[in-house]
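A short write-up of the structure that comes next.
The values are calculated or read from the model by the stated rules, or taken from the named source; none is laboratory data. Note that this is a predicted model, so its numbers are computed, not measured. Cβ sites come from the backbone with ideal geometry, for glycine too, and all protein chains shown count toward neighbours. Just the protein is used for accessible areas: all its heavy atoms, side chains included, with ligands, DNA and RNA removed. Shrake-Rupley method; radii C 1.70, N 1.55, O 1.52, S 1.80 Å.
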Amino acid sequence: MCSRPPPSLAPERKMKKFNIRKVLDGLTAVSSPSPSPQLGSKENELIPETLQSEHFQLCKTVRHGFPYQPSSMAFDPVQKILAIGTQSGALRLFGRPGVECYCQHESGSAVIQLQFLINEGALVSALADDSIHMWNLRQKRPAVLHSLKFNKERITFCHLPFQSKWLYIGSERGNIHIVNVESFTLSGYTIMWNKAIELSSKAHPGPVVHISDNPMDEGKLIIGFESGIVVLWDLKSKRAESRYTYDEAIHSVAWHHEGKQFICSHSDGTLTIWNIKSPVKPVQTITPHGKQPKDGKKPEPCKPILKVEYKTTRAGEPFMIFSGGLSYDTVGRRPCLTVMHGKSTAVLEMDYPIVDFLTLCETPYPNDFQEPYAVVVLLEKDLVVIDLAQNGYPIFENPYPMMIHESPVTSCEYLADCPVDLIPALYSVGSRQKRQGYSKKEWPISGGNWGLGTQSYPEIIITGHADGSVKFWDASAIMLQVLYKLKTAKVFEKARCKEEKPSSEIVDEDPFAIQLMSWCPESRMLCVAGVSAHVIIYRFSKQEITTEVVQLLEVRLQYELNDLESPDVGGDQTPAPPTPSTSPSPQTSGPQTHPSTSSNSSDGMRDNIPCLKVRSSPLKQSPGYQVELVVQLVWVSGEPPQQISSLAINSCYGLVVFGNSNGLAVVDYLQKTVLLNLGTVELYGSNDPYQRQLRSPRKSRQPSGGLCDINEGSATSEDRCKSPTSDNRDNSFSRSRSSSVTSIDKESREAITSFFFCETYTRKADGGLTPSLWVGTSLGTVLAISLNMPPAGEQRLLQPVIVSPCGTLIRLKGSVLRMAFLDSTGSLLASAFEPWYEPNAPANGEERDKVRKRRPVSVSPSTSQELNENQYAVVCSEKQAKVIALPSQTCVFKHNITEASFVLRADVVQINAGICLACFCANGHIMTLSLPGLRPLLDVNYLPLTDMRIARTFCFSNLGQALYLTSPTEIQRITYSQEVCENLQEMLGELFTPVETPEAPNRGFFKGLFGGGAQSLDREDLFGETGAGKAARSLAQHIPGPGGIEGMKGAASGIVGDLARARIALDERGQKLSEVEERTAAMMASADSFSKHAHEMMLKCKDKKWYQF
């Protein structure tokens, strides 16, 4: 049996009676943006409306996916938080799976470097516009505390020693400035490039590419200049202690933890290891990937080694890890990370170029054995974490939803508050698709805590991709996790090579790309439309099957008819109108055995050929979504099929309908037949308001050579040949109603743009409700088609469904986007559906009997819906919305949504137990209108500029949720509900958690005795105002940050509370830093006294022999 969802009940609280007469009195100006009600005879009644403008507020909730165009990375080894900066100034922070955060630098400049204040809950970012910023991570929405903008110097490198408040900043001119990270002021202490290199080089040494202090002596600083010079600078004596010169440019420098050696990576693919005491030449020079000549000459140069890290272990050999350095003859070789450990060298190939990498170590102290356990590799389009502790260096399974863009996203659907059994069902079939061979260890980025959100309803996001895949994601409680992936391309034959491309394809790339998806969550029926004018219908099953022959229907959808008369639209009762395009019997084989001539016709024109070839071999179908039927549009007399512009499925009626700029087709997927196939003009019959003449297509337009040439310069051919992914190449937002325009000019070409299955009144004289299909077109017309369903059970499979167009109902300005129906109380009427059942149940048994009993039936009206009660149809177009009373078909409310722009997406959604119409406009405005009264409740200018990707992926869902693809790799979720905005603060995870800093390494008796071990330095004396004076004011300008206010604006649960929280966090931070300073001072004092005692003891024992002790 089919089920009818219960109408949504409107609560009694805050109920506003909407009196039409009062509204009419209040209409003073004709151009008023408020809705203009129009009275029908019976509809002049009180319609309750619960939603008010105070129920709405717009804010971003969370961003998922891989950071688009990443540029830098940092890791806090104590808090275990990863930060990634991007070329557009975005900052993404990751803790344990489910703890993520997105921030944005106002300038939008690229983030060139990130440095954590380890275990302090703060992060310093350096940007390409020569500004540095201090972020407070002790609040759920991090905010900038201070900024410093350099005016005369370009920043090239930053270094912040562990537990220090002095940040070293290297510049393009080769100078080093020092910033106090507490006050964000410049110290007067500066290291000038000419003082650093003195006479060692005649030329300028180039920009600073590296700064770090000696792990064992904070008073000694290594400075790496691009040209190949490294300087060991003594901070106290303000002079260079040693200079190390090599004739190849330097890319990076790394210390051995004992501070006696360092390693440099160079532009010719070499690594040089230096002893700090012998600056004349390196101790060792290695070219790891260079071929070693036999005659002792230098190995041939390789590609630059962009970064090297040198990490020691207590028990074994040190790790040397670097990126780049491959030999030049490895053409086509993928980017590599090399791990050298003892005598073994592992070359790990990556799928994308390496942006940066970091080695994760057990200790935050640079002067202790590092004990590396993992390497985080940031690639251009992926994040990979390698387990160093296991043989073969397996990678960890990435728990973040970072592969949204595995293939570019071409369409999106979002379902909040879906049936509760859906996520477990999808998870159980998806868990079998997981890859093997990952590291067995826990994901190492594990910081932060989850939020305490009370939001308990299940949410699902579905993404359609360019390669024909469809992914289902669990999006409940602001998390995102992939559940299941469906590959729709498996249904088709794959071309073996480029030359073998069939000449009938209508796109030059991504022929399987998903354009539209229609899903019935209750029955789990799924229908997708692809870019090659194909539709695939899927059923969900938990059992594996092998389909011997994929069921196929071919449809000849033609706009204009030459010799044929159009069928009588009024009441043609035959299941298939008399056009040559219907195929009442299923074609169960590939196109080549199709009864019609599927080859090119005598004059060389393609005719009756689909764009893709359905596979002829048996198809093994795993548990999950399994193909029920493939429908393909075919070429007609040399005209390619137009791409599908609208799609709908109804599980109760067993029907799928799709339309394009030629017309529409209704398919019975249970009987595998085409029920109706009409050109758009034929839908009107003799009542065509445009008085169009049917003309035959021009035969000469399409050359017979296959694809149209994109370089021809005509916009129409360009439009048709583009795949949906090609929008990524230009972000300008332009629109065209249909994918191409052929022999009929744009004005008269009418595309089908939306559908809705409903049980309603199709004619004014209707005494009862009948199943029907409502159709919206690009010229603003809404037409109805009545569906006469056979009885349930066996009869449904034997008798035809009778489909008869009923003519025009409503006219609006602009293309029709969305239709919905309300009952007489103003509650939403959802389409009838069939509950899910296992389609592959055994042939004999109770399951099969259950299946038979549950075949779709025509739903009788619910008891609340008496026959004489009216319904309301809500129709929204690009320009306006109307509410129509049924069966009288009178317009009771009308609202002009936008004059200058147009609506891109409209959805009728449930929020706060009321319903509203949510619209997203091309000018970036997000609006909501009450129903049925169409009062404006919210209008926010959210996105100043909308590009094609956002236009194609924006969707609203119930309970105040919405999303869009903000970049090719990231989904941005937003809410328009005041309630969600208020609870957001609780739902967001905490990045910072109080953790004890590990104890400093023990110096050991002998190291203390003989002056070894870490040497500390009073930086305050050196860099403070008393010791170093003030820096020149013109050098950099201090900009106080909003201190948490900006970050809180979106989360608004009372700004005052958040500001207070931010202040407390700042005080805590200050306290903690001062405690660190006190601890450091105490340690210094004890170290001083210890060294005095040690010195005295040494003098006393100087002349004694060892046996006299």
HN-Hα J couplings of the range 753-762 from phi, Karplus 6.51/-1.76/1.60, θ = phi - 60°, integer Hz, Gly and Pro as x?
10, 7, 9, 8, 8, 7, 9, 8, 8, 9
Both in Å, the radius of gyration and Dmax of the C-alpha trace of the range 374-443 are 15.8, 45
Taking only the C-alpha atoms, wrap a convex hull around the range 927-979 and report its volume per residue in Å³ as a whole number.
97
From the C-alpha gyration tensor of the range 307-370, square roots of 5λ in Å:
26, 13, 8
Sparse-neighbourhood loop sites, GluC sites (Glu not before Pro) in the range 971-1001 - DSSP loop, at most 11 other Cβ within 10 angstrom
E996, E999
For the range 366-413, what log10 I(q)/I(0) values come out of the Debye formula at q = 0.18, 0.25, 0.31 1/Å, with one point per alpha carbon and no solvent?
-0.71, -0.99, -1.16
By the Cα gyration tensor axes a ≥ b ≥ c (a/c under 1.5 gives rounded; else a/b larger than b/c gives prolate, otherwise oblate), the shape of the range 58-125 is oblate
As a test of reading the structure, rank T285, T969, T890 by solvent-accessible area (1.4 Å probe, protein chains only), most first.
T285, T890, T969
Quick one: of K60/K140; K152/K195; K60/K882; K260/K291, which pairs are farther than 21 Å apart, Cα to Cα?
K60/K882; K260/K291
Cα gyration tensor shape of the range 160-263, rounded if a/c is under 1.5, else prolate or oblate by comparing a/b with b/c
oblate
In Å², nearest 10: area of T753 left accessible to a 1.4 Å probe:
40
Please list R1019, R952 from largest to smallest accessible area, probe radius 1.4 Å, with all protein chains kept in place.
R952, R1019
Note to self: Kirkwood Rh of the range 889-930, Cα pairs, one decimal, Å, is 11.4
Ignoring ligands and nucleic acids, D421 exposes an accessible area, probe 1.4 Å, in Å² to the nearest 10, of 80
Nearest 0.05, what FRET efficiency do K764 and A489 give at R0 = 60 Å with Cβ-Cβ as r?
0.80
With a 1.4 Å probe and all protein chains in place, put Y310, Y102 in order of accessible area, largest first.
Y102, Y310
Relative contact order as a percentage, the range 363-500, C-alpha pairs under 8 Å and 6+ apart, gives 22
Given the range 884-968, report the % of alpha carbon pairs whose separation exceeds 19 Å.
41
What do you get for Rg/Rh over the range 217-340 if you use C-alpha atoms and the Kirkwood form of Rh?
1.00
